[in-house]
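Following: one structure in structure tokens, then a few remarks.
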Amino acid sequence: MTRPLLLAALLLGLLPACNQTPPETTATAQQPTTPPPVPGPSLTALADSNVVALLTPYLQEHPGSEILLHTRLGTMRLRLYDDTPIHKANFLLLARKGVFNETLFQRVEKGLVIQGGRSTNRTIAINRYRLPPEMRPEHFHKKGALAMARYDDEQNPDQLSSGIDFYIVQGQKWGPNQSKALAGRKLTPAQIETYATEGGLPSLDGKYTVFGEVVEGLDVLDKIADEPIDAYNWPKKDVNMKMEVVGG
């Protein structure tokens, strides 16, 4: 008997309200909400000495594999490699924190690379830090390769990568003998074939950490590389970027 009595009581309580005018309510302005903080280590806490200790657990707790890089010339989809975990974690962290959204492609050299990551209008505080090299012979500088820039060996004998400056390879096509001579290392038959058919920059192999590649939007890479530039290889019309992590 309990259920019917309770239901009847509810119905009786609702019936009178059907013929009543609801009381006037005063609209209140919605207060702006502060978005929750993006998880991960503080960008001002990162340093050469602690990046491995801070970024290793970050990647375990917040994995990711793909990023959409939006520009006014189109979108590229980037896939990050699992076996370069420190570079991968760093790139995911900067993308999620919105750091790259305040940057642009500041260096464009057709037939070589497009490079980005710097900004003269940064509002997000970030420390200067570098990453330990994670060079893998299977990851090479084919067209679309994603790598981190660095200072040359005289200033940087340990080949530490920049924490923020990255580049994407456009390159050009090379015959088998050319690619083998330029690489200065042993290339696999598949790599030699890729350099001949797709192109790239074999001269950079073994010198910079390649940690991902463009899997969609190589035509956008070519469009950016075709942009008119000034005497400093800076596009005359800014090519800003927005990054969006889309793959877990």
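The values are calculated or read from the model by the stated rules, or taken from the named source; none is laboratory data. All values derive from a computational prediction rather than experimental measurement. No Cβ is skipped: glycine too gets one built from the backbone with ideal geometry, and neighbour counts run over all protein chains shown.
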Residue check, G111 at positive phi and within 17 Å of the chain's Cα centre (by Cα): no
Residue ranges of strands (runs of 3 or more DSSP E) in the stretch 87-196 with at least 1 members under 24 Å from D230 (Cβ atoms) and of a type outside the set (A, V, I, L, M): 105-109, 113-116, 166-169
Residue list for the stretch 38-50, restricted to those being crowded, with 17+ Cβ neighbours inside 10 Å and under 17 Å from the mean Cα position of the chain (by Cα): G40, P41, L43
Some residue of the stretch 204-218 being over 19 Å from the mean Cα position of the chain (by Cα) and aliphatic (A, V, I, L, M): yes
Residue check, I168 in contact with a strand residue (DSSP E or B) (Cβ under 9 Å, 6 or more places away or on another chain), β-branched (V, I, T), in contact (Cβ under 8 Å) with a residue 12 or more places away in the chain and surrounded by fewer than 20 Cβ atoms within 10 Å (Cβ to Cβ): no
Residues satisfying the stated conditions in the stretch 228-248, i.e. surrounded by fewer than 18 Cβ atoms within 10 Å (Cβ to Cβ) and assigned to a loop (DSSP other than H, G, I, E, B): P228, D230, A231, Y232, N233, W234, K236, K237, D238, G248
Near pairs, Cβ below 6 angstrom, 6+ apart or cross-chain, from the stretch 39-60 (closer than 13 Å to L94 by Cα) to any residue that is aliphatic (A, V, I, L, M) and in a loop (DSSP other than H, G, I, E, B): L43/I126; T44/A125
Residue count for the stretch 120-155, restricted to those that are buried (at least 18 other Cβ atoms within 10 Å of the Cβ) and free of Cβ contacts under 8 Å to residues at least 24 places away in the same chain: 0
Tally of residues being assigned to a helix (DSSP H, G or I) and modelled with pLDDT under 95 across the stretch 197-227: 0
Residue list for the stretch 173-202, restricted to those being under 11 Å from F140 (Cβ atoms), buried (at least 18 other Cβ atoms within 10 Å of the Cβ) and either within 27 Å of the chain's Cα centre (by Cα) or in contact (Cβ under 8 Å) with a residue 24 or more places away in the chain (or both): A183, L187, Q191, T194, Y195, G200, L201, P202
Residue within the stretch 66-77 that is more than 16 Å from the chain's Cα centre (by Cα) and either part of a loop (DSSP other than H, G, I, E, B) or modelled with pLDDT under 95 (or both) present: yes
Criterion (touching a Ser or Thr at 6+ places or on another chain (Cβ under 9 Å) and farther than 22 Å from R79 by Cβ) met by exactly one of E109, E102, E134, E138: E102
